[in-house]
Amino acid sequence: MTFTAPAIDWAALTPILIVFGTAVLGVLLEAFLPRSARRGIQVPLVLTALAAALVAVVWRWTVVQADGPREVVAGSVIEDGPALAAQAILLVISLVAMLVIADRTETGEGSFAASGATRPGSEDEERATRAGLAQGEVFPLAMFSILGMMVFTTAGDLLTLFVALEVLSLPLYVLSGLARRRRLLSQEASLKYFLLGSLSSAILLFGSRAALRVRRIPPVRGHRGGGRRGVRHGHAAPRRRLPGARGAPVQGRGRPVPRLDPRRVPGCTHAP
């Protein structure tokens, strides 16, 4: 069995790759930079990346207008005018949202809790707030959510749509529970959002089950059946013949079903 790698037009994925690379880089910065230096790097990084992705979307728009729509990654992603227009709108809104998230001009505090691991109203939370701690991971989380939105608008099949929906939703569950004010309500909203999101994902998977059936798995070389058929007909494992069993035809269709003769079973004295 040979595997043929799909031809991928990486230039068509430039806006998505910019956002994805920035999200991964933000996670690495949170892991290795000292706490005091994280925010000063994360904010300009995400703003620059969103602006660069918006420029890339405009460039891809001109390419699509000249050459027409195209399928990328074996049809999993479709690059056309409506998809690029939706990505441009998302990036503009995301730029404004990032400015709101990073704003500290009114109260001197951020929009998110100083430490997500502290219990709301506890002394630990008060100490974290007085120390000026900040949850810098909100920026890569927001970038991952934006990445899911961008892939969602260009999805060419239901599986890509489902993956994009999960990448979009999962960071938002965390961000909903990290709000600085009314933290108990925000955590309740995060839990409810997670439950409703799980239900919607299950409904989406149930609706797309026809495209993900086991029967569509190609057969393995040397076997007569593929997918569930190979298991149902016994091709997945060798069958053993019981001692004293002989084939007996079954009415209708199918293969002979072994019928046991008690007289030929060792240790059995019962005779019909």
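The values are calculated or read from the model by the stated rules, or taken from the named source; none is laboratory data. A quick note: this is a predicted structure, and the numbers were derived from the prediction, not measured. Virtual Cβ from ideal backbone geometry, glycine too; neighbours counted across all protein chains shown.
Among the residues of segment 140-176, how many are of a type in the set (D, E, K, R) and either outside any helix (DSSP H, G or I) or within 18 Å of residue 13 (Cβ to Cβ) (or both)? Lay out the reasoning, then the answer.
Of segment 140-176, the ones of a type in the set (D, E, K, R) are 157, 166.
Keeping just the survivors that are either outside any helix (DSSP H, G or I) or within 18 Å of residue 13 (Cβ to Cβ) (or both) gives 157.
Counting residues in segment 140-176 that are of a type in the set (D, E, K, R) and either outside any helix (DSSP H, G or I) or within 18 Å of residue 13 (Cβ to Cβ) (or both) gives 1.
If the condition is being out of contact with any Leu (no Cβ under 7 Å at 6 or more places or on another chain) and farther than 29 Å from residue 160 by Cβ, then segment 36-65 contributes 36, 37, 39, 40, 43, 44. Would you tally the residues in segment 1-23 being under 20 Å from residue 72 (Cβ atoms), among the β-branched types (Val, Ile, Thr) and surrounded by fewer than 15 Cβ atoms within 10 Å (Cβ to Cβ)? Residues meeting the conditions: 2. Among the residues of segment 25-52, just one is out of contact with any helix residue (DSSP H, G or I) (no Cβ under 7 Å at 6 or more places or on another chain), touching a residue at least 12 places away in the same chain (Cβ under 8 Å) and farther than 22 Å from residue 96 by Cα, namely 35. Answer yes or no as to whether residue 33 is more than 21 Å from residue 88 (Cα to Cα) and not acidic (Asp, Glu). Here the answer is yes, as residue 33 does meet what is asked. Does residue 22 satisfy the criteria of being in contact with a helix residue (DSSP H, G or I) (Cβ under 7 Å, 6 or more places away or on another chain), in a helix (DSSP H, G or I), modelled with pLDDT of 95 or more and hydroxyl-bearing (Ser, Thr, Tyr)? Answer is yes for this residue.
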